Amino acid sequence: MKSIEELRERLNSASCREAEGRVADWLVERERHYGGVCRHVPRRTVSPHDPRAGDVIQNGGMIGGDRMADHGYAADYAEFLMPFIKRPENRIVLAEVGILKGTGLALWADLFPRGRIIGLDIDLSHTRENIPHLRERGGFVNNEPELYEYDQFVDERARVRKILGRDRIHIYIDDGFHEEQTILQSFASIHRFLAKTFVCFIEDNPHIWWRLQELYPQYTVRRRGELTIVTRSPWWLNIKRRMGLARRRVFGSR
Ligand SMILES: C[S@@+](CC[C@H](N)C(=O)[O-])C[C@H]1O[C@@H](n2cnc3c(N)ncnc32)[C@H](O)[C@@H]1O
């Protein structure tokens, strides 16, 4: 099952759990289709604020295309993306920070053919080089991704405001530098631009959930292993929190 139309058709007749399972399988398949895991991708441009030593930056390299199958995030993505997938008529705005070769962008563009797909990275060269390959594989037939330079170490609010105009972000994905400082700075840069209904996925950091919950008590922060998921809390929970009646906890942690 490759096309999103086929997937949506199958979702209509499925129970909630079945539907999530089908979306998860589809996400795994699409990630592989667009290249799957890539390793040893050289760091060509890094932030001037990057604290790592020069030899650490030069050696090793980056890994991508590994979120759905290798990290096993597909089921969580399926669960929290479902409300947006079920309403294809809505033009969602999705922003991914840390896009490497653009595998994720191609997948999101398939999933949200009417969506605005925004890629943000300190180094856009790997994505730009790989876009012809992604197109050969059928990527971006319905919508073009937008690419912008972005540094997670700095306050990028002004840039985000300019990029979005009157749009607001429904889906935000942080797969960039993965450290507390960058995750929090980047979240601070985008959080005023989140839509009324939104979901944020912050990948590959098992500790950041509590800092986010502490700093943004108005949101619900869930920890799923190394993945953190942020959504807007229901109004009644915020009232309970203000009155000190709600237990501060991370929902669905496992
Ligand atoms: C793990 S890779 C992203 C993998 C990609 N999301 C995928 O699914 O294939 C990390 C990315 O974060 C970017 N990055 C590193 N430091 C950054 C920074 N300070 N600001 C923005 N992006 C940064 C790197 O250039 C790289 O593209």
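Reported to two decimal places, what Rg/Rh ratio describes the chain when computed on Cα atoms with Rh from the Kirkwood expression? List each step's numbers first, then the result.
On the way: Rg = 17.9 Å, Rh = 18.8 Å.
Here Rg/Rh amounts to 0.95.
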Quiz prompt | Cα principal axis extents for region 22-145, largest first, Å | solution = 47, 28, 27
Quiz item: Distance in nm between label sites at Asn12 and Trp235, each 7 Å beyond Cα in the beta-carbon direction?
Solution: 3.3
Practice problem: Rounded to the nearest 500, what is the 222 nm mean residue ellipticity of the chain from helices alone, with -39500 (n - 2.57) per DSSP H run of 4+ residues and division by all residues? | Solution: -11500 deg cm²/dmol
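Hey, what did region 4-205 get for relative contact order, percent, Cα under 8 Å, at least 6 apart?
Numbers: 321 pairs, mean separation 37.8, N = 202.
Here the relative contact order equals 19 percent.
Remind me, relative contact order of region 77-120 in percent, using alpha carbon pairs under 8 angstrom and six or more residues apart?
Working: 48 pairs, mean separation 19.9, N = 44.
After rounding, I find 45 percent.
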Quiz item: Which loop GluC sites (Glu not before Pro) in region 55-130, with loop taken from DSSP, have no more than 16 other Cβ atoms within 10 angstrom of their Cβ?
Solution: Glu89
Quiz prompt | Fewest-first sequence of Ser15, Ser3, Ser233 by Cβ atoms within 10 Å of each Cβ | solution = Ser15, Ser3, Ser233
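Under 1.5 on a/c is rounded, so check that first for region 104-144, then, if it is not, pick prolate when a/b is larger than b/c and oblate when it is not; a ≥ b ≥ c are the square roots of the alpha carbon gyration tensor eigenvalues. Mind dumping the intermediate values first?
Working: a/c = 2.60, a/b = 1.28, b/c = 2.03.
It is oblate, given that a/c is not under 1.5 and a/b is not larger than b/c.
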Quiz item: Lysine pairs in the chain 8 or more apart or on different chains: how many have alpha carbons under 29 angstrom apart?
Solution: 7
Practice problem: Take region 120-254, compute every pairwise Cα distance, and split them into 10 Å bins from 0; I just need the percent in each bin. | Solution: 11, 36, 34, 15, 4, 1
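No lab work stands behind these numbers, since they all come straight from the coordinates. Just so it is clear, the model here is predicted, and its values are computed rather than measured. Here Cβ is always computed from backbone atoms with ideal geometry, including for glycine, and neighbour counts include all displayed protein chains.
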